[in-house]
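Participant: Take a look at the following structure, please.
The values are calculated or read from the model by the stated rules, or taken from the named source; none is laboratory data. What you see is a predicted model; the values in this text were computed from it and never measured. FYI the Cβ positions are ideal-geometry reconstructions off the backbone, even for glycines, and counts take in every protein chain you see. The protein model used for the area step is the full one, side chains on, heavy atoms only, and it has no ligands, DNA or RNA in it. Shrake-Rupley method; radii C 1.70, N 1.55, O 1.52, S 1.80 Å.
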Amino acid sequence: MKTAALIIAEKIFRDEEYQIPKDILGKAGIKVVTASTTTNEAVGKLGLKVKPDILVSQIDVGKLDALIFIGGGGASQYFSDPLAHSLAIEAAKKGKIYGAICIAPTILANAGLLRGKKATVFSSQDGIEALKKGGAVYTGGDVEIDGKLITGCGPEAAKKFGETLVKMLLP
């Protein structure tokens, strides 16, 4: 069975960017593990309450097929987080699918993983600048795939992001 880890912030993760891909992955028979910096209740921007399965520090990239960062304002807690960066780098090095949606591609840009890669991000000036600073080829698309990297632009892309993840995991 394929396994995907969805990493959410403790507060203000984007509800639909988490729930819609999680449901799509689950329906496709992919195991979803939710990780955060707490295993107590995490609360989304729109009020969704989630009890993460594991701490980000407990993620074993070797046992995953995909590592995905979920957006929303709270994702900024991972922008400069050395552990989040090292997990993303490890996933990329091990040939795993890795990605992010909304403002969360900033995490991958700051980890040095977007240099020369096609990517998209929530269309805020900060997000676009962070990607360009990180060497990404910003496309402005809903969902971008570059090798094993997948990025999505925000809540409106959540369904397409989830469906694309399934296609990447179950080719």
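Participant: Can you confirm whether V43 is more than 22 Å from P171 (Cα to Cα) and not in a loop (DSSP other than H, G, I, E, B)?
Facilitator: Yes, satisfied.
Participant: Right, another one. Can you list residue pairs whose Cβ atoms sit under 6 Å apart, with the first residue in the stretch 70-83 being assigned to a loop (DSSP other than H, G, I, E, B) and the second being buried (at least 17 other Cβ atoms within 10 Å of the Cβ) and among the charged types (D, E, K, R)? Count only pairs 6 or more apart in sequence or on different chains.
Facilitator: I70/E17; G71/R14; G71/E17; G72/R14; G72/K45
Participant: Could you count how many residues in the stretch 80-100 are out of contact with any helix residue (DSSP H, G or I) (no Cβ under 7 Å at 6 or more places or on another chain), under 16 Å from T3 (Cα atoms) and not hydrophobic (A, V, I, L, M, F, W, C)?
Facilitator: Matching residues across the stretch 80-100 total 2.
Participant: I need a count of the residues in the stretch 28-42 that are within 14 Å of the chain's Cα centre (by Cα) and open to solvent by less than 10 Å² (accessible area, probe 1.4 Å).
Facilitator: 3
Participant: Oh, and also: Going through A92, A104, A100 one at a time, which residue ends up being in contact with a Phe, Trp or Tyr (Cβ under 9 Å, 6 or more places away or on another chain), under 17 Å from E144 (Cβ atoms) and surrounded by fewer than 24 Cβ atoms within 10 Å (Cβ to Cβ)?
Facilitator: Values: A104 fails: surrounded by fewer than 24 Cβ atoms within 10 Å (Cβ to Cβ); A100 fails: surrounded by fewer than 24 Cβ atoms within 10 Å (Cβ to Cβ).
Being in contact with a Phe, Trp or Tyr (Cβ under 9 Å, 6 or more places away or on another chain), under 17 Å from E144 (Cβ atoms) and surrounded by fewer than 24 Cβ atoms within 10 Å (Cβ to Cβ) holds for just one of A92, A104, A100, which is A92.
Participant: When you look at S76, is it over 14 Å from the mean Cα position of the chain (by Cα) and open to solvent by 10 Å² or more (accessible area, probe 1.4 Å), yes or no? Let's see the steps before the verdict.
Facilitator: On the way: over 14 Å from the mean Cα position of the chain (by Cα): no; open to solvent by 10 Å² or more (accessible area, probe 1.4 Å): yes.
No.
Participant: Suppose we keep only residues that are under 26 Å from P155 (Cβ atoms) and in contact (Cβ under 8 Å) with a residue 60 or more places away in the chain within the stretch 43-69. Which one would you say is most open to solvent (accessible area, probe 1.4 Å)?
Facilitator: The qualifying residue most open to solvent (accessible area, probe 1.4 Å) is D65.
Participant: While we're looking at this one, here's another question. Quickly run through the stretch 111-131 and pick out the residues that are under 19 Å from E17 (Cβ atoms), part of a helix (DSSP H, G or I) and open to solvent by 30 Å² or more (accessible area, probe 1.4 Å).
Facilitator: Passing the criteria: only D126.
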